Amino acid sequence: EAIDALDRALSIDPNLPLARMGRGLVHQRANRIPEAIDAYDETLRRHPSLHEARSARLLCLNYLDTRTPTELFAEHRDFGEQFPKQTACPAPVPRVWELPATRLKLAFLSPDLRSHSVAYFLEPLLRHLDRTQFEVILYHDHAITDAVSARLSESAAIWRNFASQPDSVVETQIRKDAPDILVDLAGHTGFNRLPLFA
């Protein structure tokens, strides 16, 4: 039914990027991975700068047994080349070993700081971190918050929710918070901020 609805939308506007990408997502959710990759490829032929389609495609490639590790590496390297190179950081960033003997500010950015497998893996790590060595900052990036979110927020010195905020706003706030280490917990899954990290 979803494919039919997306095809109807594309018959009205053949250049509708989210309808093309949506076809890939529907196939991906139905575990029709080759069809999903074909849909993402078609989306990228028409809309080469659509980061979400490129990222979803890379995630799907991991579900195929027809790609070698070398091919997967090349695909991921090509993804990284899509982002403009930053010539310099706005401010010098000291290396961790050059920092004064103080707690490291350790930040995690994820759309999954809620009832989700990522949160279940992260929670024990946070529980066992030596708080004399680390100050924890958690950046949630999803509209849904729940009891797991509440529990995680209690383990953080700083908790922020960046849902629906543009990368420029998120970057400004992260730079103000000045974590020593920023960890991405989304990779190529949905709602990732890989362009921000780049």
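The values are calculated or read from the model by the stated rules, or taken from the named source; none is laboratory data. Given the structure is predicted, the values throughout are model-derived calculations rather than measurements. Note that we place each Cβ from the backbone using ideal geometry, even for glycine, and neighbour counts take in every protein chain shown. What goes into the accessible areas is simple: the full protein's heavy atoms, side chains included, and nothing from ligands, DNA or RNA. Shrake-Rupley method; radii C 1.70, N 1.55, O 1.52, S 1.80 Å.
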- [ ] Please work out the FRET efficiency for the pair Glu154 and Arg8, using the Cβ-Cβ distance as r and a Förster radius of 41 Å; give the result to the nearest 0.05.
- [x] 0.30
Task: Convex hull of Cα atoms in the chain, direction-averaged projection (nm²) - done: 13.6 nm²
Open item on the list: Taking amide H atoms as placed 1.01 Å from N in the peptide plane, list the residues 5 or more away in sequence, or in a different chain, whose amide H sits under 5 Å from that of His142.
Closed with: Phe162, Ala163
Task: Amide H within-cut-off set for Lys105, under 5 Å, with H built and near neighbours excluded - done: Glu135, Asp180, Ile181
Open item on the list: To test your reading of the geometry: what angle, between 0 and 90 degrees and rounded to tens, separates the Cα axis of helix 51-61 from the longest principal axis of the chain?
Closed with: 80 degrees
TODO: Go ahead and collect, in residue order, the members of the range 110-128 whose backbone nitrogen is under 18 Å from a label point 7 Å along the Cα-Cβ direction of Asp146.
DONE: 110-124
- [ ] Grab the Cα-Cα distance for Leu64 and Phe191, subtract it from 0.36 nm times how many residues apart they are, and report the gain in nm with one decimal.
- [x] 43.5 nm
TODO: May I ask for the angle, rounded to the nearest 10°, between helix 2-12 and the longest principal axis of the chain, with both axes built from Cα atoms and the value confined to 0 to 90°?
DONE: 70 degrees
Open item on the list: For the full complex of protein chains and a 1.4 angstrom probe, list Thr43, Thr189, Thr66 by accessible area with the highest value first.
Closed with: Thr66, Thr189, Thr43
Open item on the list: Can you give the FRET efficiency to the nearest 0.05 for Leu104 and Arg46, using r as the Cβ-Cβ distance and R₀ = 45 Å?
Closed with: 0.50
Task: Phi to ³J(HN,Hα) by Karplus 6.51 cos²θ - 1.76 cosθ + 1.60 over the range 126-139, Hz, x for Gly, Pro - done: 4, 4, 9, 5, 6, 6, 7, 9, 10, 9, 9, 10, 10, 10
TODO: Please determine, in degrees from 0 to 90 and to the nearest 10, the orientation of helix 17-29 with respect to the longest principal axis defined by the Cα atoms of the chain, where the helix direction is its Cα long axis.
DONE: 80 degrees
- [ ] Note down the magnitude of the dipole of the chain about its Cα centre, charges +1 on Lys and Arg C-beta and -1 on Asp and Glu C-beta and zero elsewhere, to the nearest 20 debye.
- [x] 380 debye
TODO: Describe numerically, in nm with one decimal, the distance between label points set 7 Å from Cα along Cα→Cβ at Glu171 and at Asp38.
DONE: 3.8 nm
Open item on the list: Show me, bin by bin at 10 Å from 0, the whole-percent P(r) of the range 17-86 based on Cα pairs.
Closed with: 22, 51, 24, 2
Open item on the list: Rounded, prolate or oblate, given the Cα gyration tensor of the range 131-198, with a/c below 1.5 counting as rounded?
Closed with: oblate
